[in-house]
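Taking it in order: structure first as structure tokens, then the write-up.
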Amino acid sequence: MKKALLGAAAGLLALSLAACGGPTSTGVGSSGAPGPDALHDAKGVTEITFWHGLGGANGEALDKLIAQFNSENEGSIKVDSSFQGSYADLLAKYTAGLRDDSTPTVLLAGDIASGYLHDVQRSVSPERMAAANPDDLNLDEIRAAGTNYYSSNGELFAVPLNMSTPVLWVNTDLLAAAGVDPQADLSTLDDMAAAAKKVTATTGVAGLVEPFDGWWFEQLTAASGNVYCAKDNGRGKTGQATSISLTKPAQIAAFKTVADLYTSGAGLDVGVDGNAALTAFTAGQVGMMFNSSGAAGGISAAKVPFGYTAVPYPISGDKTVAGPVVGGSAMWLSSTATDAQKVAGWKLESFLASAQAQEPFAQATGYIPVNTAVDTSSTRTSYLQENPLAKVFVDQVDDAPKTDVTAGCLSGAMTAIRAAVVPQMQAAFTGSISLDDALENAEQAANKAIDQYREQLG
């Protein structure tokens, strides 16, 4: 099962649909949204399950919030929270559970799973739950970038818990040594590339490192002002994504700008591992790094002996539509739970996404708070003054246009799409094949994966 998941999400969906009898026509579960009476009228304590894939310090921060929720709801609701391993492991177990309705009341799944979970039709609409339970989560407080990512055809299908954003990390000492002003404008892809080449030409150190992970090619696409998949990134009235495009002129230009850094020797190849890129940066082996805002903790813990900062992800397209795509995870409420469990699960989601929970969670993990009510907190203001990079992250998320481009591609075949794209792009960036051939090969392989997925979906 895990091998099927990692190889192609389409195979997992086929198993799920065979077990479930196929999806309905909407993006949420067929069950209605019960109101508070369902929980009030339940006898005894309503027990619910919560599965997640957050480990380490992030998991500890989440566990603390779960314990707080259980304490505040003692005698009414009890949450059994369990870490299920990586997001891939989590989704594999969830898919297996679809066969016998052993899925959790609330599932916290990574962003890449959104298309798949949307398609299997086992979740209740957050909008319906919010309407039926007006004293709980106010969806208007959810940060717009989160609602943009976790929506399709204008309807929110999951509640974000944590968000990250891609940024450009800069070794300011290396840039200064290369004669590049550490305060130089790096807001465009061309600006970044020029600085990277100067670092290498002057110091002999690589100018840029980025993981060759699929997320970064999607970011280059969004920053060029193009959707990654047709039509409307799979989010409009036309429904599912039918294909991807890697060959639009602005998209090709963005890929070429970064590929040229690597083929010229100004880029440091660390493969697909984001941690390897982080290690190279903290060791002072590179001038700049494309990495997530989530790298802040690792850089801080490394106690690097040089000055550094983070600046917004460089844009190459029209800034009215182009921008970065958020990462993170979101909560999905099971449509097969009892009505009492649904309301209890919704209360859990409401708490975890509340300003009360998001402020300490963001400070403990470095994630961007999903609830905008946090922004008015005096303690949050003080935190941002003491941690200016955190303000860079949240400002980027808030300032990016909320368009289909910045929503990212919604497809249940995303795992297979990335598996098709990454090796081809890696070959182009290392000079093994031409960029044009890599893009054509990747596009064909990814579209074949989408076709297979759609055939199994029916």
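Taking the numbered list (1) modelled with pLDDT of 95 or more; (2) closer than 24 Å to residue 406 by Cβ; (3) not basic (Lys, Arg) in turn, residue 119 passes all entries but (1). Can you work out which of the residues in region 118-129 that are surrounded by 21 or more Cβ atoms within 10 Å (Cβ to Cβ) and either part of a helix (DSSP H, G or I) or outside the structural domain of residue 372 (by TED's automatic domain parsing) (or both) is farthest from the chain's Cα centre (by Cα)? The residue in question is 129. For region 101-117, taking the residues that are closer than 17 Å to residue 337 by Cα and touching a residue at least 12 places away in the same chain (Cβ under 8 Å), the one that is nearest to the chain's Cα centre (by Cα) is identified as 108.
Only residues that are closer than 17 Å to residue 190 by Cβ, in contact (Cβ under 8 Å) with a residue 60 or more places away in the chain and out of contact with any Leu (no Cβ under 6 Å at 6 or more places or on another chain) were counted across region 227-254, and they come to 3. Of everything listed in (1) more than 24 Å from the chain's Cα centre (by Cα); (2) surrounded by 15 or more Cβ atoms within 10 Å (Cβ to Cβ); (3) at negative phi, the single unmet condition for residue 283 is (2). For region 411-419, check the following and say yes or no: at least one residue is within 19 Å of residue 226 (Cβ to Cβ), touching a strand residue (DSSP E or B) at 6+ places or on another chain (Cβ under 7 Å) and assigned to a loop (DSSP other than H, G, I, E, B). Among the residues of region 411-419, at least one is within 19 Å of residue 226 (Cβ to Cβ), touching a strand residue (DSSP E or B) at 6+ places or on another chain (Cβ under 7 Å) and assigned to a loop (DSSP other than H, G, I, E, B), which makes the answer yes. Could you tell me whether residue 134 is surrounded by fewer than 21 Cβ atoms within 10 Å (Cβ to Cβ), part of a loop (DSSP other than H, G, I, E, B) and in contact (Cβ under 8 Å) with a residue 12 or more places away in the chain? Considered against the rule, which asks whether it is surrounded by fewer than 21 Cβ atoms within 10 Å (Cβ to Cβ), part of a loop (DSSP other than H, G, I, E, B) and in contact (Cβ under 8 Å) with a residue 12 or more places away in the chain, residue 134 comes out as no. Tallying residues that are assigned to a strand (DSSP E or B) and polar (S, T, N, Q) within region 173-217 yields 1.
Table: residues versus (1) buried (at least 16 other Cβ atoms within 10 Å of the Cβ); (2) in contact with a helix residue (DSSP H, G or I) (Cβ under 7 Å, 6 or more places away or on another chain); (3) in contact (Cβ under 8 Å) with a residue 24 or more places away in the chain; (4) of a type in the set (Phe, Trp, Tyr).
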site: 287; (1), (2), (3), (4): yes, yes, yes, no
site: 301; (1), (2), (3), (4): no, no, no, no
site: 314; (1), (2), (3), (4): yes, yes, yes, no
site: 319; (1), (2), (3), (4): no, no, yes, no
site: 333; (1), (2), (3), (4): yes, yes, yes, no
site: 336; (1), (2), (3), (4): yes, no, yes, no
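Of all residues in region 383-421, those satisfying the criterion of being buried (at least 17 other Cβ atoms within 10 Å of the Cβ) and among the hydroxyl-bearing types (Ser, Thr, Tyr) are 403, 406, 411, 415. Of all the residues in region 255-284, those that are at pLDDT below 95, outside any helix (DSSP H, G or I) and out of contact with any helix residue (DSSP H, G or I) (no Cβ under 7 Å at 6 or more places or on another chain) number 2.
The values are calculated or read from the model by the stated rules, or taken from the named source; none is laboratory data. Quick caveat: nothing in here was measured; it's all calculated off a predicted structure. Note that we place each Cβ from the backbone using ideal geometry, even for glycine, and neighbour counts take in every protein chain shown.
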